[in-house]
1. Out of (1) surrounded by fewer than 21 Cβ atoms within 10 Å (Cβ to Cβ); (2) farther than 24 Å from Ala184 by Cβ; (3) within 12 Å of the chain's Cα centre (by Cα), the odd one out for Ser70 is which?
2. Kindly provide the set of residues from the range 111-156 that are of a type in the set (Lys, Arg), under 16 Å from the mean Cα position of the chain (by Cα) and either surrounded by fewer than 16 Cβ atoms within 10 Å (Cβ to Cβ) or closer than 24 Å to Ile94 by Cα (or both), ordered by number.
3. Which of the residues spanning the range 13-67 are surrounded by fewer than 16 Cβ atoms within 10 Å (Cβ to Cβ) and outside any helix (DSSP H, G or I)?
4. Go through the range 3-47 residue by residue and tally those that are of a type in the set (A, V, I, L, M, F, W, C), under 18 Å from His274 (Cβ atoms) and in contact with a helix residue (DSSP H, G or I) (Cβ under 7 Å, 6 or more places away or on another chain).
5. Since Glu80 meets every condition but one in (1) surrounded by fewer than 20 Cβ atoms within 10 Å (Cβ to Cβ); (2) in contact with a Cys (Cβ under 6 Å, 6 or more places away or on another chain); (3) not hydroxyl-bearing (Ser, Thr, Tyr), which condition does it not meet?
6. Determine which member of the set Thr204, Thr253 is in contact with a helix residue (DSSP H, G or I) (Cβ under 7 Å, 6 or more places away or on another chain) and either in contact (Cβ under 8 Å) with a residue 60 or more places away in the chain or over 19 Å from Phe111 (Cα atoms) (or both).
7. Which of the residues spanning the range 279-301 are of a type outside the set (Gly, Ala, Ser), over 19 Å from Arg23 (Cα atoms) and in contact (Cβ under 8 Å) with a residue 12 or more places away in the chain?
8. For Gly170, only one of the following conditions fails: (1) assigned to a helix (DSSP H, G or I); (2) under 17 Å from Thr114 (Cβ atoms); (3) in contact (Cβ under 8 Å) with a residue 40 or more places away in the chain. What is its number?
Amino acid sequence: MTSGEKYYRSKLDTEQLRRLHQRSDLAAVLRVLGHLGSLVGTGWLFFLCTQNGWWIAAPFVLLLHGTIFSFLGYAGASHEFSHHTVFKKKGPNIFFLRLFSFLIWGNHAYFFRTHTIHHRSTLDPEIDTEVPTTKCIAFFNVLVTSTFDVRRMFRTIRMQWLNARGIIPGRAGTIVLPPENAAARQQVANAARTILFGHLALATIFALTGLWQLILLVDLAAFIGNGLPNLLASAQHCGMKIDTLDYRENSRTVLLNPVIAFFYWNMNYHVEHHMYPGVPCYHLPRLRKLLEADLGPATLGLRGIVKAMRQDHAARQLGDCTLNAA
């Protein structure tokens, strides 16, 4: 892929595109309240379990809470707010991007830059650091991260600690945030410091007030029950082509049940999102219907994802050179 080349997009007429780009504060509020309200409900239920000695049920409730909480991240809510397409005005989008990013220990200043590159050069192995490989996530990793992901917690804390000191390790330190971009690096450092000191302050308050449950429900929830979000995030591009300017070939749309799609903020419509990233998440199902004849069949549900993963793993074992094995 060379600079200046354009990606293929299925055609829409001007009026259809105008309607799809219209943002709805009502739809935005309902989605935010639905997601946060579900977390309040699972959190309250976890409190009941711990206060009444329902210790067998408590871990399962916590896993459910963690799974819903994880979708606040960049495989869900924070991703959508980074596009500033949920609310009509920019202010609420930025507010919730920063709030949700903080809650899931995500650096919004860093993600905004990597994600911009990801959309402009999807799966370009030279510069798309957001998707370093199209190898599908291993089933074992899905299972391990479905409980408490200790390794990810320590990796995240270490990365935020480095970022807080102005250190951007890896290829991102040269491609996304080169040393000469001092202003952007400072923004990343400031966000990292807010994350570290903010969560430390909250954990201290929760511990001193005897509300230890909130340490799990707020400070550590981002590392609990990550299996489903990780599986869906991997499915966006895993096993797809890297040397193409066609989003139908480098991205995957998955048709999910309405509950999972809601918490995933409709990012299962991923081909459509890449073609028209300015379309709010709540309009993506309608966009799918308008483009469906040109897009081809979508992957059907979680079973379809598992089937695609198995095919990807089998192809790599056979040495299929058409796949990116980076």
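Computed from the coordinates by the stated procedures, all read-outs in this text should not be read as laboratory data. Remember, it's a predicted structure, so these values are computed and weren't measured experimentally. With ideal geometry, Cβ positions are generated from the backbone for all residues, glycine too; neighbour counts draw on all protein chains shown.
1. With respect to (1) surrounded by fewer than 21 Cβ atoms within 10 Å (Cβ to Cβ); (2) farther than 24 Å from Ala184 by Cβ; (3) within 12 Å of the chain's Cα centre (by Cα), Ser70 is out only on (1).
2. Listed by number, the list holds a single entry, Arg113.
3. Asp13, Gln22, Ser24, Asn52, Gly53, Trp54, Trp55, Ile56
4. Going through the range 3-47, the residues of a type in the set (A, V, I, L, M, F, W, C) turn out to be 12, 17, 20, 26-30, 32-33, 36, 39-40, 44-47.
With under 18 Å from His274 (Cβ atoms) added as a condition, the list becomes 12, 17, 20.
Now drop any that are not in contact with a helix residue (DSSP H, G or I) (Cβ under 7 Å, 6 or more places away or on another chain), which leaves 12, 20.
Residues in the range 3-47 being of a type in the set (A, V, I, L, M, F, W, C), under 18 Å from His274 (Cβ atoms) and in contact with a helix residue (DSSP H, G or I) (Cβ under 7 Å, 6 or more places away or on another chain): 2 in total.
5. Only one criterion is unmet by Glu80, namely (1).
6. Details: Thr204 fails: in contact with a helix residue (DSSP H, G or I) (Cβ under 7 Å, 6 or more places away or on another chain).
One residue alone meets the criteria, Thr253.
7. Within the range 279-301, Leu291, Asp294, Leu295, Thr299, Leu300 meet the criteria.
8. So Gly170 meets the others, but not (1).
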